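Participant: I have a structure here, written as structure tokens, and I will follow up with some questions on it.
The values are calculated or read from the model by the stated rules, or taken from the named source; none is laboratory data. The shown structure was predicted, so the numbers you read here are calculated from the model rather than taken from an experiment. No Cβ is skipped: glycine too gets one built from the backbone with ideal geometry, and neighbour counts run over all protein chains shown.
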Amino acid sequence: MKFKREIQIFWQMGVSSKQIEFVKWAILLFLRHVRVEDKIEVTFGQSFRLSKYKQKRPSEWKGFMDADKIFEFLKNKQKIDGNKYYSVLLVHNKIFFNQDGERSEIAGLGQSDAVAIVHVDQPKKIDTYYTRAYIVGVLMHELGHIFHLINESRTYNVTLYKGCKHCSRKTCVMYPIVISTGLDLEKTPFCFSCLFELRNFFIEND
Ligand SMILES: [Zn+2]
Ligand SMILES: [Zn+2]
């Protein structure tokens with residue numbers, strides 16, 4: 001199975017052009033780390049309203065969006081378009097994830113070969129170091145999942161989180177909960193094992 005040559009950026013209405021441009025820069029940084037910047041193109045898709053995925057009833061999850069449902073919507077769109085690209089969707093509303101009937105707040109969600117959702121927070125927060133580090137960390141993590149991290153066969157430095165294999169090194173963005181502020185995201189977002197796996201994926205599927 002070969003990898004797709006395009007990543008399309010989509011965004012929730014209200015996400016600013018500064019946020020979108022920043023994410024494009026961060027995706028290009030990811031592609032450079034993995035050494036595929038000349039093989040994958042980053043393009044802009046469109047905006048979505050997404051208001052029907054927002055919780056409206058006055059409960060503790062009011063204002064949050066259901067990440068699973070948005071995921072299905074995006075995967076469906078991708079399929080209709082002929083499955084030619086990967087989707088990265090930026091949202092400013094908070095999102096939650098369902099597992100075994102329990103909801104938890106998440107910063108992002110990503111699935112092999114398909115779609116990533118990244119919470120970019122409110123537009124004005126993009127100017128702070130903390131938010132920029134948060135976005136880069138979450139984005140790199142979800143892109144890692146899109147490109148098959150963590151591999152089924154890997155048994156070392158692995159930890160399970162929400163039913164999915166993650167890296168057990170806290171200094172790696174594939175650690176279950178990304179601790180962006182302590183990491184050198186420009187130079188070493190991934191640990192040696194995860195980076196090796198990623199580069200291998202592209203070499204084997206080229
Ligand atoms: Zn993850
Ligand atoms: Zn790692």
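Participant: Among the residues of segment 64-84, is there at least one that is β-branched (Val, Ile, Thr) and either touching a Phe, Trp or Tyr at 6+ places or on another chain (Cβ under 6 Å) or farther than 23 Å from residue 24 by Cβ (or both)? Reasoning before the result, please.
Facilitator: Kept after step one, since they are β-branched (Val, Ile, Thr), are these residues of segment 64-84: 70, 80.
If we keep only those that are either touching a Phe, Trp or Tyr at 6+ places or on another chain (Cβ under 6 Å) or farther than 23 Å from residue 24 by Cβ (or both) as well, we get 70, 80.
Scanning segment 64-84, I find at least one residue that is β-branched (Val, Ile, Thr) and either touching a Phe, Trp or Tyr at 6+ places or on another chain (Cβ under 6 Å) or farther than 23 Å from residue 24 by Cβ (or both), so the answer is yes.
Participant: Quick one: in segment 158-198, of everything that is assigned to a helix (DSSP H, G or I) and within 18 Å of the chain's Cα centre (by Cα), which residue is nearest to ligand 2 (Cβ to nearest atom)? Give the steps one after another, and end with the answer.
Facilitator: We begin by selecting, within segment 158-198, every residue assigned to a helix (DSSP H, G or I); these are 180-182, 192-198.
Subset that is within 18 Å of the chain's Cα centre (by Cα): 180-181, 194-195, 197-198.
Working: 180: 14, 181: 17, 194: 3, 195: 8, 197: 8, 198: 10 Å.
Only one residue fits best here, namely 194.
Participant: Now, a different point. Tally time: how many residues in segment 108-128 are free of Cβ contacts under 8 Å to residues at least 24 places away in the same chain and either hydrophobic (A, V, I, L, M, F, W, C) or assigned to a loop (DSSP other than H, G, I, E, B) (or both)? Working first, answer last.
Facilitator: Let us first name the residues in segment 108-128 that are free of Cβ contacts under 8 Å to residues at least 24 places away in the same chain, namely 124-125, 127-128.
Those still in the list that are either hydrophobic (A, V, I, L, M, F, W, C) or assigned to a loop (DSSP other than H, G, I, E, B) (or both) too: 128.
Number of matching residues: 1.
Participant: Being surrounded by 12 or more Cβ atoms within 10 Å (Cβ to Cβ) and within 16 Å of ligand 2 (Cβ to nearest atom): is that true of residue 201 here? Spell out how you get there, then give the answer.
Facilitator: On the way: surrounded by 12 or more Cβ atoms within 10 Å (Cβ to Cβ): yes; within 16 Å of ligand 2 (Cβ to nearest atom): yes.
Yes, satisfied.
Participant: Let me ask you something else. Out of curiosity, is residue 143 modelled with pLDDT of 95 or more, within 16 Å of ligand 2 (Cβ to nearest atom) and under 30 Å from residue 52 (Cα atoms)? Talk me through it step by step, then tell me what you get.
Facilitator: Details: modelled with pLDDT of 95 or more: yes; within 16 Å of ligand 2 (Cβ to nearest atom): yes; under 30 Å from residue 52 (Cα atoms): yes.
Against the criterion (modelled with pLDDT of 95 or more, within 16 Å of ligand 2 (Cβ to nearest atom) and under 30 Å from residue 52 (Cα atoms)), residue 143 qualifies.
Participant: Which one is surrounded by the fewest Cβ atoms within 10 Å (Cβ to Cβ), of the residues in segment 135-149 that are in a loop (DSSP other than H, G, I, E, B) and hydrophobic (A, V, I, L, M, F, W, C)? Let's see the steps before the verdict.
Facilitator: Going through segment 135-149, the residues in a loop (DSSP other than H, G, I, E, B) turn out to be 147-149.
Imposing the further condition that a residue be hydrophobic (A, V, I, L, M, F, W, C) reduces the set to 147, 149.
Details: 147: 22, 149: 27.
Top of the filtered list is 147.
Participant: Enumerate the strands (runs of 3 or more DSSP E) found wholly within segment 1-103, keeping only those where 1 or more residues are farther than 26 Å from residue 123 by Cα. Don't jump to the end; show me each part of the working.
Facilitator: Working: elements: 6-12, 41-48, 86-91, 95-99.
Because the criterion is at least 1 residues that are farther than 26 Å from residue 123 by Cα, the strands (runs of 3 or more DSSP E) in segment 1-103 that meet it are 95-99.
Participant: Taking residue 173 and the conditions (1) β-branched (Val, Ile, Thr); (2) touching a Leu at 6+ places or on another chain (Cβ under 9 Å); (3) farther than 19 Å from residue 32 by Cα, which numbered condition does it fall short on, given that it satisfies the others?
Facilitator: (3)
Participant: Right, next: Only residues that are among the hydroxyl-bearing types (Ser, Thr, Tyr) and crowded, with 17+ Cβ neighbours inside 10 Å: list them for segment 125-134, please. Show your work before the answer.
Facilitator: We begin by selecting, within segment 125-134, every residue among the hydroxyl-bearing types (Ser, Thr, Tyr); these are 128-131, 134.
Correct list: 131, 134.
Participant: Which numbered condition in (1) within 11 Å of ligand 1 (Cβ to nearest atom); (2) closer than 15 Å to residue 23 by Cα; (3) hydroxyl-bearing (Ser, Thr, Tyr) is the only one that residue 175 fails?
Facilitator: Only one criterion is unmet by residue 175, namely (2).
Participant: Right, residue 197: closer than 25 Å to residue 73 by Cα, modelled with pLDDT of 90 or more and away from ligand 1 (no atom under 12 Å from the Cβ) or not?
Facilitator: Values: closer than 25 Å to residue 73 by Cα: no; modelled with pLDDT of 90 or more: yes; away from ligand 1 (no atom under 12 Å from the Cβ): yes.
Taking the combined requirement at face value, the residue does not satisfy it.
Participant: Sticking with this structure for a sec: Is it true that some residue in segment 129-141 is away from ligand 1 (no atom under 14 Å from the Cβ), in contact (Cβ under 8 Å) with a residue 40 or more places away in the chain and closer than 30 Å to residue 100 by Cβ?
Facilitator: Scanning segment 129-141 turns up at least one residue that is away from ligand 1 (no atom under 14 Å from the Cβ), in contact (Cβ under 8 Å) with a residue 40 or more places away in the chain and closer than 30 Å to residue 100 by Cβ.
Participant: Separate question: Out of the residues in segment 104-124 that are charged (D, E, K, R) and modelled with pLDDT of 90 or more, which is surrounded by the most Cβ atoms within 10 Å (Cβ to Cβ)?
Facilitator: Of all residues in segment 104-124, those charged (D, E, K, R) come to 105, 113, 121, 124.
Going one step further and asking which of them are modelled with pLDDT of 90 or more, we end up with 105, 121, 124.
On the way: 105: 12, 121: 20, 124: 11.
Across segment 104-124, the extreme among qualifying residues is 121.
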